[in-house]
Amino acid sequence: MSKHSHATETQSSLFERFLHSEVSGSAVLLACTLIALVWANSPWSDTYFHILHTKIGISWGGATRAISVHHWINDGLMVIFFFVVGLEIKRELLVGRLSSMKKAVLPVMAAVGGMVCPAILYTVLNAGGEGARGWGVPMATDIAFALGVLAVLGKRVPTSLKVFLTAAAIADDLGAVVVIALFYTETIHLTWLLLALALLAVLYVAARVLKIRSMGILLGLIVGVWIAVFVSGIHATVAGILVALLVPVKPTAEPRRLLELVEDRVRWLKGTKMTAQSVVFDHEQLEAVVEVEEAARRLQPAGLRLEHYWHPVQAFLILPLFALANAGVRLDHGLLPAVASPVGLGVILGLFVGKQVGIMFFSWLAIRSGKAELPDGVNWRQIWGVSCLAGIGFTMSLFVSELAFASEAMIANAKLGILVASLVSAVTGYLLLHSVLPRDDGSAKVTTE
């Protein structure tokens with residue numbers, strides 16, 4: 001097997017593992033969304049909102065610092081979500097599907113169009129009004145739900161189409177992070193921001209220069225960065241992105257030297273006639289096994305290892321908790337008035353119409369310019385289908401809606417708009433792709449029309 005084909009196979013394996021985690025997590029995310037909606041509108045709704053508003057914190061010297069459960073989830077746990085997003089973005093930019101101009105042009109242009117057009121549509125409906133700050137709400141794409149819909153279509157979906165949607169959604173995430181940092185920060189306290197940057201520099205030196213592996217020291221620095229960013233006025237979740245950018249996504253050790261060590265240790269172990277019992281009692285054998293394990297661990301980039309570890313935590317714990325805490329919207333005043341409001345309507349049109357128009361038009365521009373081409377085995381109708389799925393803006397859209405509005409009524413209108421648009425986008429995208437994708441029997445032919 002050639003080096004190129006082996007590398008391609010490895011990248012494919014990583015992508016399939018990533019895809020499986022996203023798809024599985026989307027089912028849990030959907031279940032928690034439904035639970036939150038039903039609970040918030042049930043006879044036990046008071047319990048739901050009481051839990052969210054319960055304050056948890058610490059007390060010392062007569063002073064108490066506490067924030068609600070809702071804020072602990074959105075400002076605390078979601079830092080881990082953004083940390084994983086940061087790892088994904090850095091991996092894609094350095095070694096993945098966004099690592100070269102040729103690979104990146106189409107998904108990045110699609111992502112730009114999918115952010116700009118929804119924001120413009122929303123602004124047209126809300127310019128000068130109370131809801132004008134919500135233009136960032138319909139800009140995001142929820143990768144878990146979008147890939148979850150693709151999974152329902154099974155093997156009919158070309159891998160290249162999944163790759164396109166994933167790359168565009170990750171580029172979209174990068175854009176959403178920039179929007180949050182630049183436009184949804186009210187006041188910046190420069191002293192705390194400088195402290196956060198100083199702690200990041202210390203963290204970089206500790207991890208990358210001094211090679212410190214003590215989790216206590218590294219975790220202490222990371223928590224310090226989070227606190228400093230939180231107090232600085234920038235949303236605390238940005239700390240997750242900043243820390244992720246310091247994590248290497250390429251091996252930092254010399255591979256040949258480590259492989260020689262592994263070969264030497266394995267050769268020695270074979271000569272000792274190692275058994276399941278001897279490795280427990282023979283100190284030299286156990287030490288050799290530990291050396292082999294340590295060498296193998298150092299060969300794996302820290303970024304990939306952390307992403308592999310934290311992705312299931314994000315998909316099956318953090319995002320479901322986020323859905324439980326944020327998708328519970330009261331329907332006391334009816335669904336129709338909420339979605340017909342300027343905020344609700346702006347979000348729906350932005351996600352459902354703006355995403356389609358933006359992704360299709362900017363993709364066409366990229367290909368028309370000669371800088372990009374359609375992925376192998378993919379046609380324009382399939383691109384249209386995934387542009388509909390990109391209108392599923394669940395997680396990041398809900399997150400931005402909490403930052404954009406102070407009014408509970410506007411937050412509720414935005415959230416209901418997100419839920420309606422995401423549902424319509426998912427159903428439309430599924431039906432469209434179901435009609436244009438090749439049948440399982442392979443009878444349909446892919447065209448580039």
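Quick notes
- Once both labels are positioned 7 Å from their Cα atoms along Cα-to-Cβ, the gap between LYS55 and ARG439 label points is 6.4 nm.
- Across the cross-link table entries LYS90/LYS211; LYS155/LYS415; LYS155/LYS355; LYS371/LYS415; LYS250/LYS270; LYS90/LYS371, which are compared at the Cα atoms, the separations over 27 Å belong to LYS155/LYS415; LYS371/LYS415; LYS250/LYS270.
- Split the accessible area of the chain by element, probe 1.4 Å, and carbon with sulfur accounts for 68%.
- Derived value for the chain: Kirkwood hydrodynamic radius 23.8 Å. Basis is the mean of 1/r over every pair of different alpha-carbon atoms.
- Note, ³J(HN,Hα) from phi for segment 364-370, Karplus 6.51, -1.76, 1.60, rounded to Hz, x at Gly and Pro: 4, 4, 4, 6, 4, 6, x
- Gyration tensor (alpha-carbon) shape descriptor, segment 335-439, a/c threshold 1.5: prolate
- Spatial separation of Cα centroids for segment 152-222 and segment 366-418, in angstrom: 20
- Mean-square fluctuations from a GNM of the chain, with a 10 angstrom spring cutoff on Cα atoms, peak among HIS50, HIS333, HIS434 at HIS333.
- When the Gaussian network model of the chain links Cα atoms closer than 10 Å, the mean-square fluctuations of ARG256, ARG133, ARG439 top out at ARG256.
- Distance between modelled label sites at VAL289 and ARG256, nm, 7 Å Cα→Cβ extension: 3.2
- For the pair GLU186 and MET215, the difference between a 0.36 nm per residue extended length and the Cα-Cα distance amounts to 7.1 nm.
- Here the ratio of the Cα radius of gyration of segment 203-312 to 2.2 N^0.38 Å is 1.43.
- Within a Gaussian network of the chain (alpha carbon springs, distance under 10 Å), most fluctuating of LYS270, LYS355, LYS371: LYS270
- Accessible surface, 1.4 Å probe, highest first, among residues GLU402, GLU88, GLU130: GLU130, GLU402, GLU88
- Whether segment 115-174 is rounded, prolate or oblate, judged on the alpha carbon gyration tensor where a/c under 1.5 counts as rounded: prolate
- Annotation: amide H of GLY96 has no partner in the under-5 Å range at sequence separation 5 or more or interchain, hydrogens built in the peptide plane.
- Length gained on full extension, SER45 to GLN277: 77.7 nm, using 0.36 nm per residue less the C-alpha separation.
The values are calculated or read from the model by the stated rules, or taken from the named source; none is laboratory data. Here the structure is a predicted model, which means the values were calculated and not measured. All Cβ positions, even for glycine, are placed from backbone atoms using ideal geometry, and neighbour counts span all protein chains on display. Ligands, DNA and RNA are stripped out before the accessible areas are found, and what is left, the full protein with its side chains, is counted by its heavy atoms. Shrake-Rupley method; radii C 1.70, N 1.55, O 1.52, S 1.80 Å.
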